[in-house]
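Each remark here refers to the structure printed beneath this line.
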Amino acid sequence: MTATSTAPALLARLLDADAATGLPVDPEVLTETRAAMEALYDRPQPLGAPVLRGLAAVVAAWQGIGPLHDHHVAAGADESLLADAEPTDAKLAALRRHVDLLTVSPALATHADQEALIAAGATPDEVVLVSQLVAYESYLARVLVTLAALEGEEVPAVPAPGRVPTSRGRTKLTTPTTRSGSARPLEFTQEVLAWEPWVPAPAEDELTDEQRESFARKATTNSVYFRLLSRTPGVTRARSDLDNAIFLRRDGLPRAERELAAAVASKVNDCIYCASVHARKSTGFSKRGEDVDAVLAVRLPRDADWVATDLAPLAESVAHDPRWATVVDAAARLSALRPTFGPSDVARMRQAGLEDLEVVDLATATAFFAWANRLMLSLGEAACPAPSAA
């Protein structure tokens, strides 16, 4: 990390409720970003704070975010999780392997990965907690990258862990049915899809008041997804309110473009379910279904870890509209495993007519789907809805 970097100070201002911020971030977004951090690390959790900090430092190392890695190390990360050799504790070793998978290759997660965690001694609450941690840290990393880029800087990098991710050699599931027997969607679409959990969710009549409140402003208790996330109620409440703050505001970046950014992030992360929801919303706001379909139709080349190796085709699919091409390119670059978004991207966005607050709106929408995709991909799978009865 360079001595002149302001990124550590930006991170401190982003996370410290007592800091004088002056950050170009919507106040509610800032509040809920901090609330999620506090819920994860400062409130009682089924895994201890040193373990959580260690896992968070691993996420930051895979994603190349030096200040975030250093922040968690300084906060007391369990050092056994940071070494290249596996921890001697079987449960910690399984948790670290799982964090490697969800950070690097979330689309390659399967039900068997959840079973491996349970076999190593993790509880369903801990399984959801670890998914939330990886997902939140992935969100936070991209917000920090954007704030640094607005200051004319790139975030100082940290080397990736010196081990092979557990995803290496896997392929994406292409079986025609899900674990429950539903038809599996294999292509990106704007059609309505279903989602099936791999981890048991509390039944509606088992929810505590805190669990109900954690998603009351987002969904009803009919939602198995939100009932599942309510296993981490403090984080889920902050996440629910953050979702609304980013996507329901009437000012700032047009909602069609926020939803487009969410769909692009979902393309990069290979989350068919999230892409379907937010591509459909982008079409609804923009009335540009053919352009949204063109983005969805892009086939991204991927390496042995299922990381996209060339993101340029996404922007090229809407090259006839320079603003949309710029939005798509920025969202794609922010969504890369090690984000490649920097000051030159901010300059291009300004040139395309985006104000700095709109740049941040795009970034937070994109970053939120670094979070949402990793939850959807690690805790269950997309499915085609059952045909309605005649």
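The values are calculated or read from the model by the stated rules, or taken from the named source; none is laboratory data. Computed from a predicted model, the values in this text were never measured in an experiment. Note that each Cβ is placed from the backbone with ideal geometry, even for glycine, and that neighbours are counted across all protein chains shown. With ligands, DNA and RNA removed, areas are computed over all heavy atoms of the protein, side chains included. Shrake-Rupley method; radii C 1.70, N 1.55, O 1.52, S 1.80 Å.
The table for this structure:
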{"quantity": "Matching residues, region 295-316, being open to solvent by less than 30 Å² (accessible area, probe 1.4 Å) and either assigned to a helix (DSSP H, G or I) or among the small types (Gly, Ala, Ser) (or both)", "calculated": "Val295, Leu296, Ala308, Leu314, Ala315"}
{"quantity": "Subset of region 164-182 (residues that are farther than 14 Å from Ala304 by Cα and surrounded by 15 or more Cβ atoms within 10 Å (Cβ to Cβ))", "calculated": "Leu173, Thr178, Arg179, Ser182"}
{"quantity": "Flag for Ala77 being surrounded by fewer than 15 Cβ atoms within 10 Å (Cβ to Cβ) and without any contact (Cβ under 8 Å) to a residue 40 or more places away in the chain", "calculated": "no"}
{"quantity": "Residue check for Val277: outside any loop (DSSP other than H, G, I, E, B) and open to solvent by 10 Å² or more (accessible area, probe 1.4 Å)", "calculated": "yes"}
{"quantity": "Residues being hydroxyl-bearing (Ser, Thr, Tyr) and part of a helix (DSSP H, G or I) - total across region 70-95", "calculated": "1"}
{"quantity": "Which numbered condition Leu337 misses (of (1) part of a loop (DSSP other than H, G, I, E, B); (2) crowded, with 24+ Cβ neighbours inside 10 Å; (3) of a type outside the set (Val, Ile, Thr))", "calculated": "(2)"}
{"quantity": "Qualifying residues in region 186-197 (those that are out of contact with any Ser or Thr (no Cβ under 8 Å at 6 or more places or on another chain) and outside any loop (DSSP other than H, G, I, E, B)) - the one least open to solvent (accessible area, probe 1.4 Å)", "calculated": "Trp195"}
{"quantity": "Members of region 115-157 that are more than 23 Å from Asp89 (Cβ to Cβ), out of contact with any Phe, Trp or Tyr (no Cβ under 8 Å at 6 or more places or on another chain) and either surrounded by fewer than 21 Cβ atoms within 10 Å (Cβ to Cβ) or aromatic (Phe, Trp, Tyr) (or both)", "calculated": "Leu150, Glu151, Gly152, Glu153, Glu154, Pro156, Ala157"}
{"quantity": "Hits in region 45-60 (condition: surrounded by fewer than 20 Cβ atoms within 10 Å (Cβ to Cβ) and assigned to a helix (DSSP H, G or I))", "calculated": "Ala49, Pro50"}
{"quantity": "Among residues of region 346-385, those that are basic (Lys, Arg) and over 30 Å from Pro200 (Cβ atoms), counted", "calculated": "2"}
{"quantity": "Residue list for region 198-233, restricted to those being open to solvent by 50 Å² or more (accessible area, probe 1.4 Å) and not in a loop (DSSP other than H, G, I, E, B)", "calculated": "Glu204, Asp205, Glu206, Asp209, Glu210, Arg212, Glu213"}
{"quantity": "Check on Pro343, in contact (Cβ under 8 Å) with a residue 24 or more places away in the chain, farther than 30 Å from Glu126 by Cβ and open to solvent by 10 Å² or more (accessible area, probe 1.4 Å)", "calculated": "yes"}
{"quantity": "Lone qualifier among Asp18, Asp42, Asp70 - being surrounded by fewer than 21 Cβ atoms within 10 Å (Cβ to Cβ) and closer than 24 Å to Ser335 by Cα", "calculated": "Asp70"}
{"quantity": "Which numbered condition Asp321 misses (of (1) open to solvent by 40 Å² or more (accessible area, probe 1.4 Å); (2) over 23 Å from Phe368 (Cβ atoms))", "calculated": "(1)"}
{"quantity": "Hits in region 27-37 (condition: open to solvent by less than 40 Å² (accessible area, probe 1.4 Å) and under 15 Å from Val360 (Cβ atoms))", "calculated": "Val29, Leu30, Glu32, Thr33"}
{"quantity": "Filtered residue count, region 175-185, keeping only those that are assigned to a loop (DSSP other than H, G, I, E, B) and free of Cβ contacts under 8 Å to residues at least 60 places away in the same chain", "calculated": "3"}
{"quantity": "Residue in region 93-107 that is on the phi > 0 side of the Ramachandran plot and open to solvent by 20 Å² or more (accessible area, probe 1.4 Å) present", "calculated": "no"}
